[in-house]
Each structure stands twice: as structure tokens, then as C-alpha cells.
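The values are calculated or read from the model by the stated rules, or taken from the named source; none is laboratory data. Note that the structure is predicted; figures quoted are calculated from it, not measured. No Cβ is skipped: glycine too gets one built from the backbone with ideal geometry, and neighbour counts run over all protein chains shown.
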Amino acid sequence: MDSVKKYVAEFIGTFTLVLVGCGTAMLVGCDAANGGGYVLTAFAFGLVIVGMAYCVGNVSGCHINPAVSLACLISGRMDVKDFFLYFLSQTLGAISGAACLKIIFSLGNVTDMTGGLGSNGLAGVNGSAVAGLIVEILLTFIFVLVILGVTDPEFKHGSFGGVVIGFSLVMVHILGIGLTGTSVNPARSIGPALFAGGAALSSLWVFIVGPFAGAALAALVYKFIGKKG
């Protein structure tokens, strides 16, 4: 039963991340001429992490991101079975969150300022998949490295871990929104892309490969720099 609770917690956390994060982006827009939209969207994603860290974090560790789960797998903090079931739960949560946004905005006749349910894309890097990959690898590397350090059981960081991780997500969003919309999370990208279709779906691989690569790199680097002595 406890293992089932972990997967439900990951579903709820990722559902909330997409609902609130992408929903905010849809309402306020994220174009370069609307800098306020950048900040609001960045904080929406970050604050969800803060809230969920002190809620589902007690149950599942609050990964709510397959890239984070991959880093934990490589770091020996979870097993292969849990990784795949976390990935499944997170992806289903993201799809459900995007579906709710689709329903709410359609029934309420609300304009989606992103034009694609807050999906990620390559417009900010002029369609360059290589540039998009570099952005996602680097931002995910930074984000996941912070997570691994803050949650390292060998070091005691008190009860502020969720705040640090949440603000780290805000940080990478502030740079990444204008370039790729900031994924750093394959599930967060999969959900909206399935409903947006078109360019969002065709470039989806970038936002799966990039975050996974960045997370794997972060796990390997932290194995080296995180050792005592």
C-alpha cells in the first residue's frame, strides 16, 4: 500500500505542476514583450515545487519529474521498478493536468496566450534543435545538481530544502522561458504537447532527451563532487 501511495503522490504533484505552471503561462503569456509573464510563470512553477515538497514530499520525495527520478536511480537512491512506475505516474499526472487545462480554457472560452497549452518549443532558439538540447541539458543539470545536493542524506540542510529547490526552478525558468519555454522535466513537456500537437509534438523529443541527459550528467558529477574527503 505504501508503494501505491508514492505513485499517487507523484501523480498529484505532477498534475498540480502542469495545471498551475502551464495554466499561468496560458493566462499571462510568455513572449519577450511581456516580461511580467516570464516572472509570473517562473514563480508559478517554482511555488508548486515548494508547496508539493512539504505535501507529497513526505510520501514520495516529491520528484514530480522523470529527470529527477533518473538522477536518483543513477545515484542509487531508488530502484529500477520505482523509477519506471514514478515515470508512469508523473506522465499520467502531466497528461491529466493538461487535459484539465484544455477543458477549462475551452469551456470558459479563455484565450490561451501561449497558443499551445504552455507547451515547450524551439521558437526562442529559431527552431534549432541543437540549441534547444543544449539549453535543456544545461538548465536540467543545474536544477538537478541542486536537488541532489540539498537532499543528500550525508549533509543536513534542515527543513528548507523545498524552498531551495523551488527557487532553483524559478531561477532556471527565468532564463529558459524565452528560449525553450523551460522544460527540465519530460513529463511536464509530454502532457501539453499531446494536446497541442503540431510543432510542440514534433519537437517533443528535445524536451525528453535534453532533461534526461542533463539529469544523468548531474548525477555523475554529484557522485564526484558530493563525496566527503
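Would you please name the residue that is surrounded by the most Cβ atoms within 10 Å (Cβ to Cβ), looking only at residues in segment 144-154 that are in contact (Cβ under 8 Å) with a residue 60 or more places away in the chain and of a type outside the set (S, T, Y)? By that ranking, first place goes to V144.
Looking only at segment 39-67, count how many residues are outside any helix (DSSP H, G or I) and more than 26 Å from G29 (Cα to Cα).
6
Here's a check for you: in segment 1-16, which residue that is in a helix (DSSP H, G or I) and of a type in the set (A, V, I, L, M) is surrounded by the fewest Cβ atoms within 10 Å (Cβ to Cβ)? Here the answer is V4.
Could you list all residues from segment 57-88 that are of a type in the set (D, E) and in contact (Cβ under 8 Å) with a residue 60 or more places away in the chain? Walk me through it before giving the result.
Let us first name the residues in segment 57-88 that are of a type in the set (D, E), namely 79, 82.
Matches in segment 57-88: D82 only.
Scan S106, S96, S189, S119 and give me the residue that is of a type in the set (S, T, N, Q), within 29 Å of V8 (Cβ to Cβ) and without any contact (Cβ under 8 Å) to a residue 24 or more places away in the chain. The conditions single out S106.
Yes/no matrix, rows are residues, columns are (1) of a type in the set (D, E, K, R); (2) crowded, with 23+ Cβ neighbours inside 10 Å; (3) over 30 Å from D152 (Cβ atoms):
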{"position": "V18", "(1), (2), (3)": "no, yes, no"}
{"position": "Q90", "(1), (2), (3)": "no, yes, no"}
{"position": "T111", "(1), (2), (3)": "no, no, yes"}
{"position": "G118", "(1), (2), (3)": "no, yes, yes"}
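Here M78 fulfils each of the conditions (1) part of a helix (DSSP H, G or I); (2) more than 13 Å from the chain's Cα centre (by Cα) apart from (1). What do you reckon, is G115 of a type in the set (G, A, S) and either in contact with a Leu (Cβ under 6 Å, 6 or more places away or on another chain) or not in a helix (DSSP H, G or I) (or both)? Here the answer is yes, as G115 does meet what is asked. Whenever a residue of segment 159-170 is hydroxyl-bearing (S, T, Y), its partners that are crowded, with 21+ Cβ neighbours inside 10 Å and part of a helix (DSSP H, G or I), lying with C-beta atoms within less than 7 angstrom and at least six residues away or across chains, give the pairs S168/F143.
Within segment 178-200, can you find the residues that are in a helix (DSSP H, G or I) and either among the polar types (S, T, N, Q) or under 18 Å from Q90 (Cα atoms) (or both)?
Those that are in a helix (DSSP H, G or I) and either among the polar types (S, T, N, Q) or under 18 Å from Q90 (Cα atoms) (or both): T180, P186, A187, R188, S189, I190, G191, P192, A193, L194, F195.
Scanning segment 131-172 for residues that are over 19 Å from I64 (Cβ atoms) and modelled with pLDDT of 95 or more yields A131, G132, L133, I134, V135, I137, L138.
Exactly one residue out of G149, G132 is out of contact with any strand residue (DSSP E or B) (no Cβ under 8 Å at 6 or more places or on another chain), within 26 Å of V20 (Cα to Cα) and part of a helix (DSSP H, G or I), and it is G132.
The set of residues in segment 145-177 being closer than 20 Å to G226 by Cα and of a type in the set (A, V, I, L, M) consists of L145, V146, I147, L148, V150, V164, I165.
Residues checked against (1) within 19 Å of S119 (Cβ to Cβ); (2) in contact with a Ser or Thr (Cβ under 9 Å, 6 or more places away or on another chain):
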| position | (1), (2) |
| --- | --- |
| S3 | no, no |
| G21 | yes, yes |
| V39 | no, no |
| F43 | no, yes |
| V50 | no, no |
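Determine, yes or no, whether T140 is touching a Leu at 6+ places or on another chain (Cβ under 9 Å), of a type in the set (V, I, T) and either part of a loop (DSSP other than H, G, I, E, B) or surrounded by fewer than 20 Cβ atoms within 10 Å (Cβ to Cβ) (or both). Steps first, please.
On the way: touching a Leu at 6+ places or on another chain (Cβ under 9 Å): yes; of a type in the set (V, I, T): yes; either part of a loop (DSSP other than H, G, I, E, B) or surrounded by fewer than 20 Cβ atoms within 10 Å (Cβ to Cβ) (or both): no.
Taking the combined requirement at face value, the residue does not satisfy it.
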